[in-house]
Amino acid sequence: MSQMTIARATRPARARTAPQRPTLRVVDASPKVQSHTGFVVLCLALVVGGLLSALLLNTARAESSFTLSDLRAEQTRLHDTRITLEAELSQARSPETLATAATDLGLVPSPSTAVLRLSDNQVLGVAAQVDPTDSFTVVTPFVSQLESDAERVESAIAGAVQGG
């Protein structure tokens with residue numbers, strides 16, 4: 001046996017096996033580009049949705065503005081009607097109108113009055129019988145029942161009419 005054979009035989013087993021190299025594969029020069037279409041579609045959907053919601057809100061606000069304008073016009077009309085009806089009611093409640101209506105119905109003024117107090121059910125004053133031949137008179141705060149006061153009032157009225 002030659003020396004070479006012995007040397008080969010004395011070599012460890014590791015040296016006999018070659019180290020394993022990784023398998024090689026072919027790689028492209030540029031990496032694979034992922035598509036961004038999903039992100040773009042999402043952004044466009046958000047923009048379109050925002051614009052549509054702004055349009056709908058603006059339309060609803062404009063409609064509410066017209067409704068508010070109509071309601072204010074109706075409120076003004078109803079307020080004017082209320083003022084007119086209150087004036088008519090005030091005119092119908094006036095003492096002159098009530099006296100004229102009472103006379104038209106054939107009522108005559110009472111010479112005295114009695115008042116019923118509801119808190120304790122008492123009658124205050126004495127009601128007298130009405131004389132239909134009496135004429136209707138109105139007593140103003142300036143007229144007194146005394147003869148001397150009547151002359152003074154007549155002279156004061158004459159002075160007021162003349163501007164004095």
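The values are calculated or read from the model by the stated rules, or taken from the named source; none is laboratory data. A quick note: this is a predicted structure, and the numbers were derived from the prediction, not measured. Using ideal geometry, Cβ is built from the backbone for each residue, glycine included, and neighbour counts are taken over all protein chains shown.
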I'd like to know if the range 81-104 contains one or more residues that are in contact with a Ser or Thr (Cβ under 8 Å, 6 or more places away or on another chain), free of Cβ contacts under 8 Å to residues at least 60 places away in the same chain, within 30 Å of residue 130 (Cβ to Cβ) and not small (Gly, Ala, Ser).
yes
For residue 98, state whether it is modelled with pLDDT under 95, exposed (fewer than 10 other Cβ atoms within 10 Å of the Cβ) and closer than 30 Å to residue 126 by Cβ.
no
